[in-house]
Amino acid sequence: MENTEIIPILKEFFQISGFRISIHDLEYNEIYAYPQSLSPFCNRIQQIDRIRQKCNEMDKAAFEKVEQTEKTFVYQCHCGLYEAVAPIYHFGVLSGYLMMGQVRSHSNSSRGCILKKLIPFMDDIDEATQYVDTIKSIDENLIYSYVTIMQLVAEHITRTNKINRCGNHLAPMLKQYINRNYNKTFSLSLLTQKFNCCNSTLMSCFKSEYHMTIIEYLHQVRLTQAEQMLTCSRKSVKEIAAACGFSGQNYFTRLFTKQYGISPIQYRTKKVKKD
């Protein structure tokens, strides 16, 4: 999606809500935002190393939470400001995150709590108070209404597949999809539909990035999961083969033996004796 298309959407949301809103890639880098600059309060506290580090840690944890749950996550940062992160997809695959924040609850207690947390890091109480008072305050009920609107924005971007993270990101997206769905039935035709590209593009892009074919990587992931299940569970070889997405026990045994040099049953027996 071009800058000229996405920025107006973010700008409209900001003008309605007062929340700064931004789009981040899979590595959590900010790629679009409105306003482009941080709020005066956040810009000031980002100059304090300990606070900036804590901010980065909390943002990363929020992105990871959304990646795991595939749901919008609302939280308060360590300074007490409200933040929310929603997932964005491209043809069904996670391609980025929509994030809004840098506001506080309208209550006086919210203002006091933020000020209390900030004072230990700033020698000048008047300066701390000045920056806390620049934070936009919103009624707490409205905050969650704006979260709902933000989700609708994320769903619109997802539905229209406007944040296209293919190109250089196609191989990592495909890898992520395999990691999450290795136990399901795979076919090239399914993948080409999922990622909206032809077989040759899909295969050459993946092999260029990871120096193995898609099928080789799929087998690698499935065999790694099977090896862990042989070690940590009491499931039968047949059950493990099915749980890891293999079409049958014999096919699984043949691939496993080729990879590890011994059969699944021999591998399990050897591990039990060693332990």
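The values are calculated or read from the model by the stated rules, or taken from the named source; none is laboratory data. This is a predicted model, so every value here is computed, not measured. Virtual Cβ from ideal backbone geometry, glycine too; neighbours counted across all protein chains shown. What goes into the accessible areas is simple: the full protein's heavy atoms, side chains included, and nothing from ligands, DNA or RNA. Shrake-Rupley method; radii C 1.70, N 1.55, O 1.52, S 1.80 Å.
Would you mind finding the longest exposed-site-free stretch of the chain, with exposed trypsin sites (Lys or Arg not before Pro) meaning DSSP loop and at most 14 other Cβ atoms within 10 Å? Walk me through the numbers on the way to the answer.
Numbers: sites that count: Lys71, Lys184, Arg234, Lys235.
Longest site-free region, per DSSP loop and neighbour criteria: 72-183.
Can you list the GluC sites (Glu not before Pro) in region 1-74 that are in a DSSP coil and have 13 or fewer other beta carbons within 10 angstrom?
Details: sites: Glu2, Glu5, Glu12, Glu27, Glu30, Glu57, Glu64, Glu67, Glu70; in loops: Glu2, Glu27, Glu70.
Answer by residue number: Glu2, Glu27, Glu70.
Under a crude label model (7 Å from the Cα following the beta-carbon direction), how far is Asp123 from Ala243 in nanometres?
Result: 6.1 nm between the two label points.
Would you mind telling me the share, in percent, of accessible area of region 1-87 contributed by carbon and sulfur at probe 1.4 angstrom?
Ligands and nucleic acids excluded, carbon and sulfur reach 45 percent.
For the residue pair Lys235 and Arg50, what label-to-label distance in nm results when each label sits 7 Å from Cα along the Cα-to-beta-carbon direction?
Inter-label distance under the simple model: 4.8 nm.
Mind ranking Ile143, Ile48 by accessible surface for me, highest first, 1.4 Å probe?
On the way: Ile143 0, Ile48 25 Å².
The ordering from most to least exposed comes out as Ile48, Ile143.
Rounded to the nearest 0.05, what FRET efficiency do Ser189 and Leu152 give with R0 = 30 Å and r taken as the Cβ-Cβ distance? Could you check? Before the final figure, lay out the partial values.
Values: r = 33 Å, r/R0 = 1.08.
Calculated value: 0.40.
Normalising by the residue count of the chain, find the relative contact order in percent from Cα pairs under 8 Å and 6+ residues apart. Kindly include the intermediate steps, with their values, before the conclusion.
Numbers: 326 pairs, mean separation 36.6, N = 275.
Value for the chain: 13 percent.
Counting Lys and Arg as +1 and Asp and Glu as -1, each charge on the Cβ, what is the dipole of region 131-249 about the Cα centre in debye, to the nearest 20? Present the calculation step by step, with values, prior to reporting the outcome.
Working: 13 positive and 8 negative charges, 103 e Å.
Dipole about the Cα centre, nearest 20: 500 debye.
Work out, step by step, the length gained on full extension between Thr269 and Gln220: first 0.36 nm times the residue separation, then minus their alpha carbon distance; give nm to one decimal. Before the final figure, lay out the partial values.
Values: separation 49, 0.36 × 49 = 17.64 nm, distance 2.16 nm.
Value of the extension gain: 15.5 nm.
Measuring with a 1.4 Å probe in the full set of protein chains, what accessible area per residue, in whole Å², belongs to region 27-165? Write out the running numbers ahead of the final one.
On the way: 7300 Å² over 139 residues.
On a per-residue basis, 52 Å².
For Gln130, what is the net charge nearby, where nearby means another residue's Cβ is under 12 Å from its Cβ and Lys, Arg count +1, Asp, Glu -1? Don't skip to the end; give the middle numbers.
On the way: positive: Arg44; negative: Asp124, Asp126, Glu127, Asp133.
Result for the neighbourhood of Gln130: -3.
Going through the cross-link list Lys184/Lys258; Lys194/Lys238; Lys54/Lys116; Lys238/Lys271, which pairs have a Cα-Cα distance over 20 Å in this structure?
Details: Lys184/Lys258 22 Å; Lys194/Lys238 30 Å; Lys54/Lys116 16 Å; Lys238/Lys271 18 Å.
Pairs exceeding 20 Å: Lys184/Lys258; Lys194/Lys238.
Could you give the angle, 0 to 90 degrees to the nearest 10, between helix 170-181's Cα long axis and the longest principal axis of the Cα atoms of the chain?
70 degrees
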